Amino acid sequence: MKDFAMLLALTEAVPCLDGLQSPLEFYREWVCPNRPCIIQNAFNHWPALKKWTLAYLREIVGSKVVSVAVTPNGYADAVYQNLFVMPEERQMPFSAFLDIVEKKVTSPSVFYVQKQCSNLTEEFPELIGDVEPDIQWMSETLGKNPDAVNFWLGESTAVTSLHKDHYENLYCVISGEKHFLLHPPSDRPFIPYGLYSPATYQISEDGSFQVVEEPAAEKVPWIPLDPLNPDLERYPEYAQTKPLRCTVRAGEMLYLPSLWFHHVQQSHGCIALNYWYDMEYDLKYSYYQLLDSLTKAVTLA
Ligand SMILES: O=C(O)CCC(=O)C(=O)O
């Protein structure tokens, strides 16, 4: 009899494929069972792999004013002082951002281009020709186009806190590497959530940051736990989990299934793109909702 983890087809490591499968095979082996994998040689044909150096980006989009997430500590969208704190969204020329990444200019703050509003198509349309507006085999696998194509470039101190999304995510690293810490949706009972008032970092004239609360705004459900340094006295249930860790290197693509919890770090100046395809709100989603409700009922009891 297979145990629970086997039934969920989980393994100790994230499996690696050395090339593409047919859409049907990919659907059967990965999307339907909700299993992550790393795919090599999936986008060797993209000119971006050779072209996208910081110097090239400076030449093509350096003069554009873009949105950059700025924080004092590298954590944008994370729980801090019992608030859900979002970054200062600074509008700045991309070249000024690159000066910071290339350490031509020093700043005590942490800068990350990470706006998840399809910023590749919205803010950097000049770069689309070096990649693709969708991943054709995935669009065929899922029968839809991506909702967003996001461009990520930032400092090694920028961290994405543990969270999950309702997207089938194809995460492509163009240069550098990304370090993912993953939990399957079935770990939900062991992952703490709280409801936090939203706030944003705002920089003062003396360069220090203030956390400014938005009192009228709706509270945000978020995970207060840092999986790199979990407070097991406060959240003892988390000790029952076994996170999967993987590094996605330049030229590799991570298939991160919907509802998987992820925490992300990166090498300095890592350039990446991801394609977010909305998940199917099917039985898998309903089961997750059920698990979420049962967890809340037990936690509140
Ligand atoms: O690359 C990152 O920092 C975060 C990526 C992420 O959260 C996502 O792709 O959903």
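The values are calculated or read from the model by the stated rules, or taken from the named source; none is laboratory data. Since the model is a prediction, treat every value here as computed from it, not as a measurement. Please note: Cβ atoms are built from the backbone with ideal geometry, for glycine as well, and neighbour counts cover all protein chains shown. Quick note on the areas: whole protein, heavy atoms, side chains included, nothing else; ligands and nucleic acids left out. Shrake-Rupley method; radii C 1.70, N 1.55, O 1.52, S 1.80 Å.
Quick look at the numbers
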{"quantity": "Sequence-distant residues sharing a close amide H with residue 266 (under 5 Å, placed H)", "calculated": "179"}
{"quantity": "Long-range HN-HN contacts of residue 196 with modeled amide H, under 5 Å", "calculated": "220, 222"}
{"quantity": "Tail beyond 18 Å, pair distance distribution of region 178-245 (Cα, percent)", "calculated": "55 percent"}
{"quantity": "Mean Cβ neighbour count within 10 Å, used as a protection proxy, ranking 30-43, 119-132 highest first", "calculated": "30-43, 119-132"}
{"quantity": "Carbon plus sulfur fraction of accessible area for region 130-208, probe 1.4 Å, in percent", "calculated": "46 percent"}
{"quantity": "Shape category assigned to region 93-249 from the gyration tensor of Cα positions, a/c cut at 1.5", "calculated": "oblate"}
{"quantity": "Residue among 225, 195, 98 with the largest mean-square fluctuation in a Gaussian network model of the chain, springs linking Cα atoms under 10 Å", "calculated": "195"}
{"quantity": "Of the GluC sites (Glu not before Pro) in region 161-267, those whose Cβ has at most 12 other Cβ within 10 Å and which sit in DSSP loop", "calculated": "205, 218, 233"}
{"quantity": "Hz values of 3J(HN,Hα) by residue in region 164-173 - Karplus curve (6.51, -1.76, 1.60), Gly and Pro given as x", "calculated": "9, 10, 8, 10, 7, 10, 9, 10, 10, 9"}
{"quantity": "Of 105, 211, 66, the one that fluctuates the most in a GNM where the chain has Cα springs shorter than 10 Å", "calculated": "105"}
{"quantity": "GNM top mover of 80, 171, 281 - the chain, alpha-carbon springs below 10 Å", "calculated": "281"}
{"quantity": "Other-chain or far-sequence residues with amide H under 5 Å of residue 17's (modelled H)", "calculated": "38, 39, 40"}
{"quantity": "Unsatisfied cross-links (Cα-Cα over 25 Å) in the set 144/219; 178/242; 219/242", "calculated": "144/219; 219/242"}
{"quantity": "Cα pair distances of the chain binned at 10 Å [whole percent]", "calculated": "6, 26, 34, 25, 9, 1, 0"}
{"quantity": "For region 216-224, 3J(HN,Hα) per residue [Karplus equation, 6.51 cos²θ - 1.76 cosθ + 1.60, θ = phi - 60°, Hz, x = Gly/Pro]", "calculated": "7, 6, 5, 5, 10, x, 8, 8, x"}
